[in-house]
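J.: Could you have a look at this structure, given as structure tokens, before my questions?
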Ligand code: DGP
């Protein structure tokens, strides 16, 4: 499936729902999280709808997963060359609340480990 009509992140990608966009390519969008957990907290989403990372990987062209992580990495480095964190929650147990794959990129403060 390329697009899910009921998916909020598909609507954000198409512009139907407004977001604070940081970067856009033909295949991906970076926009600011509504509920930021760090001075920089953006979400990197693919255009192609997949509920989570596992589903995306299972149906991806070889370059798609790498392209998405490369965009997240460039975004994190640009925000904070001294360090940033990429988080992908998959499933309810991990705290996933929006079921369109998204990579959280967090930067601009010291991160802690283990994560909650
Ligand atoms: P997760 O728990 O990994 O599924 O994270 C979902 C994130 O998406 C959460 O940090 C809040 C953010 N979010 C949810 N709805 C919207 C929205 O409509 N706009 C924006 N910018 N962010 C949203």
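J.: So how many residues does segment 72-94 have that are out of contact with any strand residue (DSSP E or B) (no Cβ under 8 Å at 6 or more places or on another chain) and in a helix (DSSP H, G or I)?
T.: Of the residues in segment 72-94, 5 are out of contact with any strand residue (DSSP E or B) (no Cβ under 8 Å at 6 or more places or on another chain) and in a helix (DSSP H, G or I).
J.: From the list 43, 29, 71, which one is crowded, with 19+ Cβ neighbours inside 10 Å and free of Cβ contacts under 8 Å to residues at least 24 places away in the same chain?
T.: Answer to the check: 29.
J.: For segment 46-68, name all the residues that are surrounded by fewer than 15 Cβ atoms within 10 Å (Cβ to Cβ) and part of a loop (DSSP other than H, G, I, E, B).
T.: Correct list: 61 only.
J.: Give me the pairs, please: first residue somewhere in segment 7-25 and part of a loop (DSSP other than H, G, I, E, B), second residue anywhere and at pLDDT 95 or above, beta-carbon distance under 6 Å, and either six or more positions apart or on two chains.
T.: 7/49; 7/100; 17/11; 19/12; 19/31; 20/31; 20/32
J.: Shifting gears a bit: Given 101, 106, which one is within 16 Å of the ligand (Cβ to nearest atom) and in a loop (DSSP other than H, G, I, E, B)?
T.: Exactly one residue qualifies, and that residue is 101.
J.: Now, a different point. Here are some residues: 23, 75. Which one is more than 11 Å from the ligand (Cβ to nearest atom) and farther than 22 Å from residue 115 by Cβ?
T.: Just a single option satisfies the conditions, and that option is 23.
J.: Would you pick out the residues in segment 81-98 that are buried (at least 19 other Cβ atoms within 10 Å of the Cβ) and out of contact with any helix residue (DSSP H, G or I) (no Cβ under 9 Å at 6 or more places or on another chain)?
T.: Result: no residue meets the conditions.
J.: Does at least one position in segment 29-37 carry a residue that is over 22 Å from residue 116 (Cα atoms), away from the ligand (no atom under 13 Å from the Cβ) and at pLDDT 95 or above?
T.: No, segment 29-37 has no match at all.
J.: Considering segment 53-67 alone, what residues qualify as being touching a helix residue (DSSP H, G or I) at 6+ places or on another chain (Cβ under 9 Å) and within 15 Å of the ligand (Cβ to nearest atom)?
T.: Within segment 53-67, 53, 56 meet the criteria.
The values are calculated or read from the model by the stated rules, or taken from the named source; none is laboratory data. In this text the structure is predicted, and so the values were computed from the model without any measurement. FYI the Cβ positions are ideal-geometry reconstructions off the backbone, even for glycines, and counts take in every protein chain you see.
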